[in-house]
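Peer 1: To start, I am sharing the structure in question, which I have written as structure tokens.
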Amino acid sequence: MNRRIVAGAAALMMMLTACGSVSGTDIESRVPVAEDPTFPEDTAMARIVEDGKFRVGIKFDQPGFGLLRLEGGFTGFDVEIAQFVAAGLGFEPEDIEYYEAPSQRREELIEYNNVDMVVATYTINDRRRERISFAGPYYLAGQQLMVAADDQRITGPEAFRENTDAKVCSVTGSTPSQTIQEYLASSDQLVLFDVYSKCADALRTGQVDAVTTDNVILLGLVAKSGGEFRMAGQQFTEEPYGIGIPKGEVAFCEFINEQVRLAYESGAYTEAWEATAGSVEGAQTPELPEPDPCT
């Protein structure tokens with residue numbers, strides 16, 4: 001379903017709510033697109049090719065990884081990873097159908113067959129593996145804090161025990177929202193929204209004192225803030241980003257890992273990183289992690 005976004009942010013979100021997905025991007029594929037690929041029967045790849053559509057869940061509000069642009073189309077490293085997989089299935093970038101995948105809805109989108117896969121700053125962990133399977137990881141991030149540029153109180157997660165009136169914002173259903181709780185003096189210090197852009201707005205208006213999520217996401221928000229925000233403290237976790245797929249889809253997992261590996265070996269992975277998340281000051285070019293076994 002192709003949609004051209006020409007209105008402002010409010011009209012844009014109304015359109016997304018009504019239509020569910022937005023297709024297309026003006027980014028050309030960085031890897032060759034397969035011509036008339038064939039796959040074994042009873043695999044996810046064969047079903048997707050037969051259906052003639054590839055449905056991907058991404059974040060719509062995260063600079064550097066998954067961002068829906070007001071002028072239309074998407075940009076971000078997760079978008080590029082999706083395009084590597086799409087190319088192996090024979091889909092051009094503009095043919096991918098993108099669905100918004102907020103943190104708290106990612107497993108649900110997969111379980112209810114609303115999407116074929118989710119690539120949305122999606123940390124691999126055992127709790128999520130009870131419901132879905134993961135390909136990857138394709139990137140290793142780490143949790144950190146973002147504060148107002150003039151804030152001197154919050155120097156790391158331990159600061160919330162010392163400053164019991166300080167509030168930190170994260171996103172419902174995310175790994176960072178769970179991890180930060182062990183550093184808090186009270187559960188009242190944690191504020192949750194459905195998307196990180198709302199956390200950034202709350203920090204900007206002084207309703208919270210910090211935002212916590214993975215460092216590369218925060219770097220994008222800092223870069224977008226016009227000097228209002230800065231990073232605070234050091235990384236205090238390791239977050240392996242994976243690609244969520246229906247549970248038990250071993251062949252699809254292996255296929256995805258192979259497409260990402262080929263993109264890395266060709267240089268397309270590094271080009272994609274440097275054009276998206278890697279363009280932010282402070283972001284380091286990653287090596288592709290070894291994939292976990294597909295189960």
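The values are calculated or read from the model by the stated rules, or taken from the named source; none is laboratory data. What you see is a predicted model; the values in this text were computed from it and never measured. Because the Cβ atoms are built from the backbone with ideal geometry, glycine has one as well, and the counts that use them run over all protein chains shown.
Peer 1: Conditions: (1) modelled with pLDDT of 95 or more; (2) in a loop (DSSP other than H, G, I, E, B). Residue 202 meets all but one. Number of the miss?
Peer 2: Status for residue 202: all satisfied but (2).
Peer 1: Can you find, within the range 178-191, the residue that is nearest to residue 224 (Cα to Cα) among those that are touching a strand residue (DSSP E or B) at 6+ places or on another chain (Cβ under 7 Å) and free of Cβ contacts under 8 Å to residues at least 40 places away in the same chain?
Peer 2: Only one residue fits best here, namely 191.
Peer 1: If the requirement is being touching a Pro at 6+ places or on another chain (Cβ under 9 Å), at pLDDT 95 or above, over 28 Å from residue 278 (Cβ atoms) and among the β-branched types (Val, Ile, Thr), which of these qualifies: 33, 49, 79?
Peer 2: Exactly one of 33, 49, 79 is touching a Pro at 6+ places or on another chain (Cβ under 9 Å), at pLDDT 95 or above, over 28 Å from residue 278 (Cβ atoms) and among the β-branched types (Val, Ile, Thr), namely 49.
Peer 1: Do any residues in the range 226-252 that are closer than 24 Å to residue 79 by Cβ have Cβ atoms under 7 Å from those of residues that are of a type in the set (A, V, I, L, M, F, W, C) and in a loop (DSSP other than H, G, I, E, B), where the two are at least six apart or on different chains, and which pairs are they?
Peer 2: From the range 226-252, the pairs are 229/149; 240/124; 242/124; 244/132; 245/132; 246/132.
Peer 1: Looking only at residues in the range 262-276 that are under 19 Å from the mean Cα position of the chain (by Cα) and free of Cβ contacts under 8 Å to residues at least 60 places away in the same chain, which one is farthest from residue 74 (Cα to Cα)?
Peer 2: Looking at residues that are under 19 Å from the mean Cα position of the chain (by Cα) and free of Cβ contacts under 8 Å to residues at least 60 places away in the same chain, I get 264.
Peer 1: Being out of contact with any Asp or Glu (no Cβ under 6 Å at 6 or more places or on another chain) and of a type in the set (A, V, I, L, M, F, W, C) is the filter here; which residues of the range 34-46 pass it?
Peer 2: 34, 39, 45, 46
Peer 1: Is one or more of the residues making up the range 9-30 at pLDDT 95 or above, part of a loop (DSSP other than H, G, I, E, B) and either under 15 Å from residue 84 (Cα atoms) or small (Gly, Ala, Ser) (or both)?
Peer 2: Quick first cut of the range 9-30, residues at pLDDT 95 or above only: 30.
Then drop every residue that is not part of a loop (DSSP other than H, G, I, E, B), which leaves 30.
Next cut, either under 15 Å from residue 84 (Cα atoms) or small (Gly, Ala, Ser) (or both) only: 30.
Yes, the range 9-30 has at least one match.
Peer 1: Return the residues of the range 274-295 that are surrounded by fewer than 21 Cβ atoms within 10 Å (Cβ to Cβ) and part of a helix (DSSP H, G or I); say none if nothing qualifies.
Peer 2: 274, 275, 278, 279
Peer 1: Okay, next question. Among the residues of the range 173-199, which ones are within 17 Å of the chain's Cα centre (by Cα), outside any helix (DSSP H, G or I) and at pLDDT 95 or above?
Peer 2: 193
Peer 1: Next up: Give the residues of the range 87-128 that are crowded, with 19+ Cβ neighbours inside 10 Å and of a type in the set (Phe, Trp, Tyr), sorted by residue number.
Peer 2: Listed by number, the residues that qualify are 91, 98, 99, 122.
Peer 1: On the given criteria, is residue 194 among the acidic types (Asp, Glu), touching a residue at least 24 places away in the same chain (Cβ under 8 Å), touching a Lys or Arg at 6+ places or on another chain (Cβ under 9 Å) and within 29 Å of residue 85 (Cβ to Cβ)?
Peer 2: Yes: the conditions hold for residue 194.
Peer 1: Something else now. What's the number of the only condition in (1) over 27 Å from residue 50 (Cα atoms); (2) free of Cβ contacts under 8 Å to residues at least 12 places away in the same chain that residue 121 fails to meet?
Peer 2: Answer for residue 121: the failing condition is (2).
Peer 1: Would you pick out the residues in the range 219-275 that are of a type in the set (Lys, Arg) and modelled with pLDDT of 95 or more?
Peer 2: Matches in the range 219-275: 230, 247, 261.
Peer 1: Suppose the filter is surrounded by fewer than 20 Cβ atoms within 10 Å (Cβ to Cβ), under 12 Å from the mean Cα position of the chain (by Cα) and in contact (Cβ under 8 Å) with a residue 12 or more places away in the chain; does residue 75 pass it?
Peer 2: So residue 75 fits the description; yes.
Peer 1: Next question. Inspect the range 159-170 for any residue being touching a residue at least 40 places away in the same chain (Cβ under 8 Å), part of a loop (DSSP other than H, G, I, E, B), closer than 30 Å to residue 34 by Cα and of a type in the set (Lys, Arg) and give the result as yes or no.
Peer 2: Within the range 159-170, not a single residue is touching a residue at least 40 places away in the same chain (Cβ under 8 Å), part of a loop (DSSP other than H, G, I, E, B), closer than 30 Å to residue 34 by Cα and of a type in the set (Lys, Arg).
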